[in-house]
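Engineer: The structure that follows is given in the form of C-alpha coordinates.
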Amino acid sequence: MPDLCNPSFLLPAALAVPGDDHDPLAARQYPEPPHPYRAPFSRDYSRILHARAFRRLAGKTQVFTRRPAESDHVRSRLTHTLEVAQVARTTAQVLSLNPQLAETLALVHDIGHPPFGHAGEKALDEALRAHGLGFDHNLHALRIVTGFEDRYPGFPGLNLTLGVREGIIKHSRDYTESAHPELASYFLAQFPPLEAQLIDIVDEIAYLTADMEDGLESEILHLPELIAEVDLFAEFYSAVHAQYPAAPARLLTYEALKRMMNALVTDLMQTVVSEVQSLGIQSLADVRQAPHRLARLSHGMEERRRLAKAFLFRRLYESPAMLAEHEHAHQVISALFRAMLANPKMLPPDHQALAATDGLPRTIADYLAGMTDSYIEQAWQRLRLAH
Ligand code: MG
(Lines give C-alpha, C1' and ligand atoms only; values in the text may rest on other atoms or scores of the structure.)
Protein backbone atom coordinates (compact mmCIF):
# COMPACT_ATOMS: atom_id res chain seq x y z
CA MET A 1 0.00 0.00 0.00
CA PRO A 2 1.41 3.45 -0.90
CA ASP A 3 2.72 5.55 1.98
CA LEU A 4 0.80 8.80 1.67
CA CYS A 5 3.45 10.67 3.67
CA ASN A 6 6.12 9.79 1.12
CA PRO A 7 6.14 12.49 -1.59
CA SER A 8 7.19 9.99 -4.29
CA PHE A 9 3.73 8.45 -3.94
CA LEU A 10 1.85 11.68 -4.66
CA LEU A 11 -0.19 11.88 -7.82
CA PRO A 12 1.21 13.71 -10.87
CA ALA A 13 0.08 17.36 -10.79
CA ALA A 14 -1.38 16.96 -14.28
CA LEU A 15 -4.21 14.81 -12.86
CA ALA A 16 -5.79 17.75 -11.01
CA VAL A 17 -8.40 19.93 -12.71
CA PRO A 18 -6.59 23.31 -12.92
CA GLY A 19 -9.71 25.43 -12.37
CA ASP A 20 -8.12 28.71 -13.45
CA ASP A 21 -9.85 31.19 -15.76
CA HIS A 22 -8.30 29.48 -18.85
CA ASP A 23 -9.42 25.96 -17.90
CA PRO A 24 -12.11 24.71 -20.36
CA LEU A 25 -13.88 23.15 -17.33
CA ALA A 26 -14.18 26.65 -15.83
CA ALA A 27 -16.36 27.77 -18.77
CA ARG A 28 -19.88 28.94 -17.93
CA GLN A 29 -23.10 28.48 -19.93
CA TYR A 30 -23.53 32.27 -20.05
CA PRO A 31 -20.07 33.85 -20.33
CA GLU A 32 -19.09 36.14 -17.44
CA PRO A 33 -15.94 38.24 -17.01
CA PRO A 34 -13.36 36.68 -14.66
CA HIS A 35 -13.47 37.88 -11.06
CA PRO A 36 -10.43 39.99 -10.07
CA TYR A 37 -9.39 37.69 -7.21
CA ARG A 38 -11.77 34.69 -6.96
CA ALA A 39 -11.15 31.48 -8.90
CA PRO A 40 -14.06 29.97 -10.90
CA PHE A 41 -14.75 26.95 -8.61
CA SER A 42 -14.54 29.19 -5.56
CA ARG A 43 -17.30 31.35 -7.05
CA ASP A 44 -19.37 28.20 -7.69
CA TYR A 45 -18.87 27.17 -4.06
CA SER A 46 -20.26 30.53 -2.93
CA ARG A 47 -23.19 30.41 -5.34
CA ILE A 48 -24.22 27.00 -4.03
CA LEU A 49 -23.77 28.05 -0.40
CA HIS A 50 -26.06 31.06 -0.99
CA ALA A 51 -28.74 29.11 -2.87
CA ARG A 52 -32.20 28.54 -1.38
CA ALA A 53 -32.09 24.85 -2.33
CA PHE A 54 -28.93 24.52 -0.23
CA ARG A 55 -30.59 26.08 2.82
CA ARG A 56 -33.54 23.71 2.45
CA LEU A 57 -31.19 20.75 3.04
CA ALA A 58 -31.47 21.68 6.73
CA GLY A 59 -35.12 20.59 6.63
CA LYS A 60 -34.60 17.35 4.70
CA THR A 61 -34.19 13.86 6.07
CA GLN A 62 -30.85 12.14 5.70
CA VAL A 63 -31.98 8.82 7.19
CA PHE A 64 -34.12 9.71 10.18
CA THR A 65 -37.27 11.78 9.84
CA ARG A 66 -37.02 14.41 12.56
CA ARG A 67 -40.15 14.16 14.62
CA PRO A 68 -40.49 16.27 17.76
CA ALA A 69 -39.93 13.36 20.16
CA GLU A 70 -36.68 12.34 18.49
CA SER A 71 -33.09 13.36 19.02
CA ASP A 72 -31.79 16.72 17.80
CA HIS A 73 -28.42 15.12 17.25
CA VAL A 74 -29.07 12.98 14.17
CA ARG A 75 -27.85 14.27 10.82
CA SER A 76 -29.98 16.26 8.44
CA ARG A 77 -29.07 16.30 4.77
CA LEU A 78 -27.31 19.61 5.42
CA THR A 79 -25.02 18.36 8.19
CA HIS A 80 -24.32 15.18 6.19
CA THR A 81 -23.36 17.39 3.24
CA LEU A 82 -20.95 19.42 5.38
CA GLU A 83 -19.30 16.22 6.61
CA VAL A 84 -18.84 14.96 3.04
CA ALA A 85 -17.38 18.37 2.11
CA GLN A 86 -14.84 18.18 4.94
CA VAL A 87 -13.64 14.71 3.93
CA ALA A 88 -13.65 15.54 0.21
CA ARG A 89 -11.48 18.62 0.78
CA THR A 90 -8.95 16.70 2.91
CA THR A 91 -8.81 13.82 0.45
CA ALA A 92 -8.31 16.05 -2.58
CA GLN A 93 -5.65 18.05 -0.76
CA VAL A 94 -3.63 14.99 0.27
CA LEU A 95 -3.85 13.60 -3.27
CA SER A 96 -2.71 16.94 -4.82
CA LEU A 97 -6.00 17.26 -6.69
CA ASN A 98 -8.14 20.43 -6.78
CA PRO A 99 -9.65 20.71 -3.25
CA GLN A 100 -11.89 23.63 -4.24
CA LEU A 101 -13.56 21.54 -6.95
CA ALA A 102 -13.92 18.50 -4.68
CA GLU A 103 -15.41 20.57 -1.85
CA THR A 104 -17.80 22.36 -4.21
CA LEU A 105 -19.02 19.05 -5.65
CA ALA A 106 -19.52 17.68 -2.14
CA LEU A 107 -21.49 20.78 -1.16
CA VAL A 108 -23.88 20.31 -4.07
CA HIS A 109 -23.97 16.48 -4.21
CA ASP A 110 -27.31 16.03 -2.39
CA ILE A 111 -29.05 19.25 -3.46
CA GLY A 112 -31.42 17.28 -5.71
CA HIS A 113 -32.73 15.06 -2.93
CA PRO A 114 -36.47 15.21 -2.22
CA PRO A 115 -37.96 15.27 1.30
CA PHE A 116 -38.01 12.02 3.35
CA GLY A 117 -34.63 10.72 2.15
CA HIS A 118 -34.45 7.68 -0.08
CA ALA A 119 -38.05 6.74 0.70
CA GLY A 120 -39.10 10.08 -0.82
CA GLU A 121 -36.96 9.49 -3.89
CA LYS A 122 -38.47 6.04 -4.36
CA ALA A 123 -42.03 7.34 -4.01
CA LEU A 124 -41.45 10.14 -6.55
CA ASP A 125 -39.81 7.73 -8.96
CA GLU A 126 -42.76 5.37 -8.66
CA ALA A 127 -45.27 8.18 -9.27
CA LEU A 128 -43.36 9.25 -12.41
CA ARG A 129 -42.98 5.68 -13.76
CA ALA A 130 -46.71 5.57 -14.36
CA HIS A 131 -46.09 8.38 -16.91
CA GLY A 132 -43.08 6.75 -18.57
CA LEU A 133 -40.66 8.99 -16.62
CA GLY A 134 -38.42 8.54 -13.58
CA PHE A 135 -36.85 10.53 -10.77
CA ASP A 136 -33.05 10.77 -10.54
CA HIS A 137 -31.61 13.07 -7.87
CA ASN A 138 -28.49 13.89 -9.90
CA LEU A 139 -30.53 15.04 -12.87
CA HIS A 140 -32.88 16.93 -10.57
CA ALA A 141 -29.84 18.68 -9.06
CA LEU A 142 -28.84 19.79 -12.56
CA ARG A 143 -32.35 21.20 -13.10
CA ILE A 144 -32.06 23.13 -9.83
CA VAL A 145 -28.70 24.74 -10.61
CA THR A 146 -29.50 25.48 -14.26
CA GLY A 147 -33.07 26.68 -13.77
CA PHE A 148 -35.08 26.62 -10.57
CA GLU A 149 -32.54 28.46 -8.47
CA ASP A 150 -33.40 31.88 -9.76
CA ARG A 151 -31.50 34.73 -8.13
CA TYR A 152 -29.39 36.49 -10.79
CA PRO A 153 -30.75 39.01 -13.32
CA GLY A 154 -28.13 38.10 -15.95
CA PHE A 155 -28.91 34.38 -16.38
CA PRO A 156 -31.21 31.58 -15.24
CA GLY A 157 -29.99 29.30 -12.44
CA LEU A 158 -26.54 29.66 -10.89
CA ASN A 159 -24.55 29.62 -14.16
CA LEU A 160 -22.04 27.16 -12.69
CA THR A 161 -18.87 26.08 -14.47
CA LEU A 162 -18.85 23.09 -16.82
CA GLY A 163 -16.64 21.14 -14.37
CA VAL A 164 -19.13 21.49 -11.53
CA ARG A 165 -22.14 20.67 -13.72
CA GLU A 166 -20.37 17.59 -15.08
CA GLY A 167 -19.52 16.49 -11.53
CA ILE A 168 -23.12 17.00 -10.37
CA ILE A 169 -24.36 14.57 -13.00
CA LYS A 170 -21.55 12.02 -13.05
CA HIS A 171 -20.13 11.82 -9.50
CA SER A 172 -22.02 8.64 -8.67
CA ARG A 173 -22.95 7.03 -11.98
CA ASP A 174 -22.51 7.10 -15.74
CA TYR A 175 -25.13 8.03 -18.34
CA THR A 176 -25.30 7.05 -22.01
CA GLU A 177 -25.95 9.51 -24.78
CA SER A 178 -28.63 7.27 -26.28
CA ALA A 179 -30.69 7.36 -23.06
CA HIS A 180 -29.87 11.02 -22.27
CA PRO A 181 -29.24 13.04 -25.47
CA GLU A 182 -29.81 16.25 -23.45
CA LEU A 183 -26.58 15.52 -21.53
CA ALA A 184 -24.41 15.11 -24.66
CA SER A 185 -22.15 18.09 -23.82
CA TYR A 186 -20.96 16.43 -20.58
CA PHE A 187 -18.43 13.97 -22.13
CA LEU A 188 -20.67 10.97 -21.45
CA ALA A 189 -18.25 8.50 -23.06
CA GLN A 190 -15.55 9.48 -20.52
CA PHE A 191 -15.15 9.17 -16.77
CA PRO A 192 -15.26 12.41 -14.77
CA PRO A 193 -12.10 13.87 -13.17
CA LEU A 194 -10.88 12.33 -9.91
CA GLU A 195 -12.29 15.23 -7.86
CA ALA A 196 -15.78 14.09 -8.95
CA GLN A 197 -15.05 10.36 -8.70
CA LEU A 198 -13.98 10.78 -5.07
CA ILE A 199 -17.34 12.22 -4.01
CA ASP A 200 -19.28 8.99 -4.38
CA ILE A 201 -16.94 6.95 -2.16
CA VAL A 202 -16.48 9.77 0.35
CA ASP A 203 -20.29 10.00 0.56
CA GLU A 204 -20.47 6.24 1.23
CA ILE A 205 -17.79 6.46 3.92
CA ALA A 206 -19.38 9.50 5.57
CA TYR A 207 -22.84 7.99 5.82
CA LEU A 208 -21.69 4.51 6.79
CA THR A 209 -19.98 6.00 9.84
CA ALA A 210 -22.66 8.59 10.58
CA ASP A 211 -25.57 6.16 10.27
CA MET A 212 -23.97 3.86 12.83
CA GLU A 213 -23.69 6.78 15.25
CA ASP A 214 -27.18 8.09 14.51
CA GLY A 215 -28.64 4.57 14.66
CA LEU A 216 -27.23 4.17 18.18
CA GLU A 217 -28.43 7.67 19.12
CA SER A 218 -31.94 6.80 17.91
CA GLU A 219 -31.82 3.51 19.83
CA ILE A 220 -32.66 1.51 16.72
CA LEU A 221 -29.12 0.06 16.72
CA HIS A 222 -27.44 -1.32 19.83
CA LEU A 223 -23.75 -1.49 20.60
CA PRO A 224 -23.55 -5.28 21.28
CA GLU A 225 -25.02 -6.14 17.85
CA LEU A 226 -22.69 -3.65 16.15
CA ILE A 227 -19.71 -5.32 17.83
CA ALA A 228 -20.99 -8.83 17.09
CA GLU A 229 -22.03 -8.28 13.48
CA VAL A 230 -19.75 -5.60 11.99
CA ASP A 231 -16.19 -6.83 11.83
CA LEU A 232 -14.93 -3.45 10.56
CA PHE A 233 -16.32 -1.66 13.64
CA ALA A 234 -15.46 -4.44 16.13
CA GLU A 235 -11.78 -4.33 15.21
CA PHE A 236 -11.48 -0.64 16.10
CA TYR A 237 -13.75 -0.92 19.14
CA SER A 238 -11.63 -3.64 20.74
CA ALA A 239 -8.40 -1.69 20.07
CA VAL A 240 -9.90 1.44 21.64
CA HIS A 241 -11.26 -0.57 24.56
CA ALA A 242 -7.81 -2.06 25.20
CA GLN A 243 -6.26 1.42 25.15
CA TYR A 244 -8.90 3.06 27.41
CA PRO A 245 -10.34 0.25 29.57
CA ALA A 246 -12.03 2.66 32.00
CA ALA A 247 -13.64 4.97 29.42
CA PRO A 248 -17.44 4.95 29.04
CA ALA A 249 -18.83 2.92 26.12
CA ARG A 250 -20.18 6.07 24.48
CA LEU A 251 -16.69 7.59 24.14
CA LEU A 252 -15.20 4.28 23.02
CA THR A 253 -17.85 4.14 20.32
CA TYR A 254 -17.09 7.64 19.02
CA GLU A 255 -13.36 6.90 18.99
CA ALA A 256 -13.88 3.57 17.20
CA LEU A 257 -16.10 5.25 14.57
CA LYS A 258 -13.51 7.99 14.10
CA ARG A 259 -10.75 5.42 13.55
CA MET A 260 -12.97 3.39 11.22
CA MET A 261 -13.62 6.47 9.10
CA ASN A 262 -9.93 7.31 9.06
CA ALA A 263 -9.08 3.78 7.91
CA LEU A 264 -11.66 3.90 5.10
CA VAL A 265 -10.48 7.31 3.86
CA THR A 266 -6.81 6.29 4.02
CA ASP A 267 -7.59 3.10 2.10
CA LEU A 268 -9.44 5.12 -0.55
CA MET A 269 -6.49 7.47 -1.05
CA GLN A 270 -3.94 4.64 -1.13
CA THR A 271 -6.04 2.72 -3.65
CA VAL A 272 -6.34 5.77 -5.93
CA VAL A 273 -2.55 6.16 -5.87
CA SER A 274 -2.04 2.42 -6.58
CA GLU A 275 -4.50 2.51 -9.48
CA VAL A 276 -2.85 5.58 -10.99
CA GLN A 277 0.59 3.99 -10.71
CA SER A 278 -0.35 0.54 -11.99
CA LEU A 279 -2.27 1.90 -14.98
CA GLY A 280 0.43 4.49 -15.78
CA ILE A 281 -2.05 7.37 -15.60
CA GLN A 282 -0.24 10.65 -16.40
CA SER A 283 -2.89 13.21 -17.23
CA LEU A 284 -6.50 14.23 -16.78
CA ALA A 285 -7.15 12.81 -20.26
CA ASP A 286 -5.83 9.43 -19.04
CA VAL A 287 -8.16 9.60 -16.01
CA ARG A 288 -11.10 10.20 -18.34
CA GLN A 289 -10.15 7.32 -20.67
CA ALA A 290 -9.01 4.81 -18.04
CA PRO A 291 -10.50 1.29 -18.27
CA HIS A 292 -12.57 1.97 -15.12
CA ARG A 293 -13.12 4.58 -12.40
CA LEU A 294 -9.92 5.04 -10.39
CA ALA A 295 -11.49 6.18 -7.11
CA ARG A 296 -12.43 3.09 -5.15
CA LEU A 297 -11.57 1.15 -2.01
CA SER A 298 -9.14 -1.80 -2.08
CA HIS A 299 -10.87 -5.15 -2.62
CA GLY A 300 -10.39 -6.19 1.02
CA MET A 301 -11.77 -2.91 2.42
CA GLU A 302 -14.60 -2.83 -0.13
CA GLU A 303 -15.75 -6.25 1.08
CA ARG A 304 -15.69 -5.08 4.72
CA ARG A 305 -17.60 -1.92 3.78
CA ARG A 306 -20.15 -4.01 1.90
CA LEU A 307 -20.72 -6.24 4.93
CA ALA A 308 -21.08 -3.19 7.20
CA LYS A 309 -23.62 -1.68 4.83
CA ALA A 310 -25.54 -4.96 4.64
CA PHE A 311 -25.76 -4.81 8.46
CA LEU A 312 -27.20 -1.28 8.24
CA PHE A 313 -29.82 -2.45 5.75
CA ARG A 314 -30.78 -5.38 7.93
CA ARG A 315 -30.84 -3.63 11.29
CA LEU A 316 -31.50 0.01 10.43
CA TYR A 317 -32.69 1.05 6.95
CA GLU A 318 -35.19 -1.84 6.79
CA SER A 319 -35.98 -2.05 10.50
CA PRO A 320 -39.67 -1.95 11.50
CA ALA A 321 -39.28 1.62 12.88
CA MET A 322 -37.85 2.86 9.58
CA LEU A 323 -40.29 0.92 7.41
CA ALA A 324 -43.14 2.77 9.14
CA GLU A 325 -41.47 6.07 8.18
CA HIS A 326 -41.00 4.89 4.60
CA GLU A 327 -44.65 3.93 4.43
CA HIS A 328 -45.64 7.39 5.64
CA ALA A 329 -43.34 9.06 3.07
CA HIS A 330 -44.89 7.01 0.32
CA GLN A 331 -48.40 7.87 1.44
CA VAL A 332 -47.73 11.64 1.63
CA ILE A 333 -45.93 11.90 -1.72
CA SER A 334 -48.30 9.70 -3.70
CA ALA A 335 -51.40 11.45 -2.26
CA LEU A 336 -50.06 14.93 -3.13
CA PHE A 337 -48.89 13.79 -6.57
CA ARG A 338 -52.34 12.37 -7.40
CA ALA A 339 -54.13 15.45 -6.07
CA MET A 340 -51.98 17.85 -8.13
CA LEU A 341 -52.37 15.74 -11.24
CA ALA A 342 -56.16 16.02 -10.85
CA ASN A 343 -55.99 19.71 -9.93
CA PRO A 344 -52.92 21.51 -11.33
CA LYS A 345 -54.12 24.76 -9.71
CA MET A 346 -52.63 23.40 -6.47
CA LEU A 347 -49.22 24.25 -7.99
CA PRO A 348 -47.86 27.80 -7.57
CA PRO A 349 -48.36 29.96 -10.71
CA ASP A 350 -44.71 29.76 -11.88
CA HIS A 351 -44.84 25.96 -11.74
CA GLN A 352 -48.21 25.91 -13.53
CA ALA A 353 -46.52 27.82 -16.37
CA LEU A 354 -43.67 25.27 -16.50
CA ALA A 355 -46.13 22.41 -16.96
CA ALA A 356 -46.75 23.62 -20.53
CA THR A 357 -43.12 22.87 -21.52
CA ASP A 358 -42.03 20.16 -19.06
CA GLY A 359 -45.33 18.28 -18.79
CA LEU A 360 -47.50 18.13 -15.67
CA PRO A 361 -46.04 14.95 -14.06
CA ARG A 362 -42.44 16.25 -14.24
CA THR A 363 -43.51 19.67 -12.97
CA ILE A 364 -45.29 18.16 -9.97
CA ALA A 365 -42.26 16.00 -9.18
CA ASP A 366 -39.96 19.05 -9.40
CA TYR A 367 -42.23 20.98 -7.04
CA LEU A 368 -42.57 18.15 -4.50
CA ALA A 369 -38.83 17.35 -4.66
CA GLY A 370 -37.98 20.90 -3.63
CA MET A 371 -40.05 20.71 -0.43
CA THR A 372 -38.60 20.18 3.03
CA ASP A 373 -40.03 17.44 5.27
CA SER A 374 -42.07 19.91 7.33
CA TYR A 375 -43.39 21.80 4.29
CA ILE A 376 -44.64 18.64 2.60
CA GLU A 377 -46.23 17.46 5.87
CA GLN A 378 -48.17 20.74 6.04
CA ALA A 379 -49.24 20.43 2.40
CA TRP A 380 -50.45 16.91 3.13
CA GLN A 381 -52.38 18.03 6.25
CA ARG A 382 -54.12 20.75 4.20
CA LEU A 383 -55.01 18.18 1.56
CA ARG A 384 -56.49 15.85 4.19
CA LEU A 385 -58.53 18.66 5.76
CA ALA A 386 -59.90 19.63 2.34
CA HIS A 387 -61.36 16.14 1.82
MG1 MG B 1 -24.93 12.06 0.23
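Engineer: May I ask you to verify whether Gly154 is open to solvent by 10 Å² or more (accessible area, probe 1.4 Å), more than 16 Å from the ligand (Cβ to nearest atom) and touching a residue at least 12 places away in the same chain (Cβ under 8 Å)? I'd like the intermediate steps shown before the answer.
Structural biologist: On the way: open to solvent by 10 Å² or more (accessible area, probe 1.4 Å): yes; more than 16 Å from the ligand (Cβ to nearest atom): yes; touching a residue at least 12 places away in the same chain (Cβ under 8 Å): yes.
Taking the combined requirement at face value, the residue satisfies it.
Engineer: Could you go through the stretch 88-100 and let me know if any residue there is within 16 Å of the ligand (Cβ to nearest atom) and over 25 Å from Pro115 (Cβ atoms).
Structural biologist: Scanning the stretch 88-100, I find at least one residue that is within 16 Å of the ligand (Cβ to nearest atom) and over 25 Å from Pro115 (Cβ atoms), so the answer is yes.
Engineer: If you don't mind, there's one more thing I want to ask. Restricting the search to the stretch 41-62, which residues are of a type in the set (Ser, Thr, Tyr) and in contact (Cβ under 8 Å) with a residue 24 or more places away in the chain?
Structural biologist: Ser42, Tyr45, Thr61
Engineer: Yes or no: His73 surrounded by fewer than 21 Cβ atoms within 10 Å (Cβ to Cβ), more than 30 Å from Leu15 (Cβ to Cβ), at pLDDT below 95 and within 11 Å of the ligand (Cβ to nearest atom)?
Structural biologist: Taking the combined requirement at face value, the residue does not satisfy it.
Engineer: Name every residue in the stretch 221-239 that is open to solvent by 40 Å² or more (accessible area, probe 1.4 Å) and either assigned to a loop (DSSP other than H, G, I, E, B) or within 16 Å of the ligand (Cβ to nearest atom) (or both), in order of residue number.
Structural biologist: Residue satisfying the conditions is His222 alone.
Engineer: Among the residues of the stretch 204-220, count how many are within 30 Å of Ala13 (Cα to Cα) and open to solvent by less than 20 Å² (accessible area, probe 1.4 Å).
Structural biologist: 2
Per-residue answers, yes or no, for (1) over 15 Å from Val202 (Cα atoms); (2) open to solvent by 20 Å² or more (accessible area, probe 1.4 Å); (3) modelled with pLDDT of 95 or more:
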site	(1), (2), (3)
Arg66	yes, yes, no
Leu97	no, no, yes
Ala106	no, no, yes
His109	no, no, yes
Phe116	yes, no, no
Arg129	yes, yes, yes
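Engineer: Could you give every pair whose Cβ atoms fall below 7 Å, whose first residue belongs to the stretch 313-325 and is more than 17 Å from Glu213 (Cβ to Cβ), and whose second residue is part of a helix (DSSP H, G or I), counting only separations of at least 6 or pairs across chains?
Structural biologist: Glu325/Ala119
Engineer: Of all residues in the stretch 175-194, which are farther than 15 Å from Arg288 by Cα and either within 16 Å of the ligand (Cβ to nearest atom) or assigned to a helix (DSSP H, G or I) (or both)?
Structural biologist: Pro181, Glu182, Leu183, Ala184
Engineer: Another question about this same structure. Could you identify the single residue in Pro192, Pro181, Pro156 that is out of contact with any Leu (no Cβ under 7 Å at 6 or more places or on another chain) and at pLDDT below 90?
Structural biologist: Pro181
Engineer: Consider only pairs whose beta carbons are under 9 Å apart and that are at least six residues apart or on different chains; among these, list those whose first residue lies in the stretch 103-118 and is β-branched (Val, Ile, Thr) and whose second residue is part of a loop (DSSP other than H, G, I, E, B).
Structural biologist: Cβ pairs passing all conditions: Thr104/Leu160; Val108/Ala51; Val108/Leu160; Ile111/Ala51; Ile111/Glu149.
Engineer: Of all residues being open to solvent by 20 Å² or more (accessible area, probe 1.4 Å) and outside any loop (DSSP other than H, G, I, E, B) in the stretch 340-350, which is farthest from Arg382 (Cα to Cα)? Just the residue, please.
Structural biologist: Here the answer is Asp350.
Engineer: Considering only residues of the stretch 240-294 that are within 22 Å of the chain's Cα centre (by Cα) and among the hydroxyl-bearing types (Ser, Thr, Tyr), which is most open to solvent (accessible area, probe 1.4 Å)?
Structural biologist: If we take residues in the stretch 240-294 being within 22 Å of the chain's Cα centre (by Cα) and among the hydroxyl-bearing types (Ser, Thr, Tyr), then Thr266 is most open to solvent (accessible area, probe 1.4 Å).
Engineer: OK, next. Assess whether Arg89 counts as being within 24 Å of the chain's Cα centre (by Cα), modelled with pLDDT of 85 or more, over 30 Å from Gly300 (Cβ atoms) and outside any loop (DSSP other than H, G, I, E, B).
Structural biologist: Details: within 24 Å of the chain's Cα centre (by Cα): yes; modelled with pLDDT of 85 or more: yes; over 30 Å from Gly300 (Cβ atoms): no; outside any loop (DSSP other than H, G, I, E, B): yes.
No; evaluated as a whole, the condition is false for this residue.
Engineer: Quickly run through the stretch 76-87 and pick out the residues that are open to solvent by less than 10 Å² (accessible area, probe 1.4 Å) and away from the ligand (no atom under 12 Å from the Cβ).
Structural biologist: Matches in the stretch 76-87: none.
Engineer: Moving on to the next point. Condition test on Arg382, is it among the basic types (Lys, Arg), touching a residue at least 12 places away in the same chain (Cβ under 8 Å) and closer than 25 Å to His113 by Cβ?
Structural biologist: no
Engineer: Take the stretch 101-118 and flag every residue that is within 13 Å of the ligand (Cβ to nearest atom), out of contact with any Gly (no Cβ under 8 Å at 6 or more places or on another chain) and either of a type outside the set (A, V, I, L, M, F, W, C) or over 21 Å from Gly370 (Cα atoms) (or both).
Structural biologist: Of everything in the stretch 101-118, those that are within 13 Å of the ligand (Cβ to nearest atom), out of contact with any Gly (no Cβ under 8 Å at 6 or more places or on another chain) and either of a type outside the set (A, V, I, L, M, F, W, C) or over 21 Å from Gly370 (Cα atoms) (or both) turn out to be His109, Asp110, Gly112, Gly117, His118.
Engineer: Now for a different question. Return the pairs, sorted by first residue and then second, in which the second residue is modelled with pLDDT of 95 or more and charged (D, E, K, R), the first residue lies in the stretch 195-216 and is near the ligand (Cβ under 10 Å from one of its atoms), the beta carbons are less than 6 Å apart, and the residues are 6+ apart or on different chains.
Structural biologist: Ala206/Glu83
Engineer: For the stretch 351-387, enumerate the residues that are assigned to a helix (DSSP H, G or I) and farther than 21 Å from Arg143 by Cα.
Structural biologist: Within the stretch 351-387, Ser374, Glu377, Gln378, Ala379, Trp380, Gln381, Arg382, Leu383, Arg384, Leu385, Ala386 meet the criteria.
Engineer: Considering the stretch 22-41 alone, what residues qualify as being closer than 17 Å to Pro192 by Cα and open to solvent by less than 90 Å² (accessible area, probe 1.4 Å)?
Structural biologist: Asp23, Leu25, Ala26, Ala27, Phe41, listed by residue number.
The values are calculated or read from the model by the stated rules, or taken from the named source; none is laboratory data. Since this is a predicted model, take the numbers as computed values, not measurements. Quick reminder, even Gly has a Cβ in these numbers, built from the backbone with ideal geometry, and neighbours come from all protein chains shown. The protein model used for the area step is the full one, side chains on, heavy atoms only, and it has no ligands, DNA or RNA in it. Shrake-Rupley method; radii C 1.70, N 1.55, O 1.52, S 1.80 Å.
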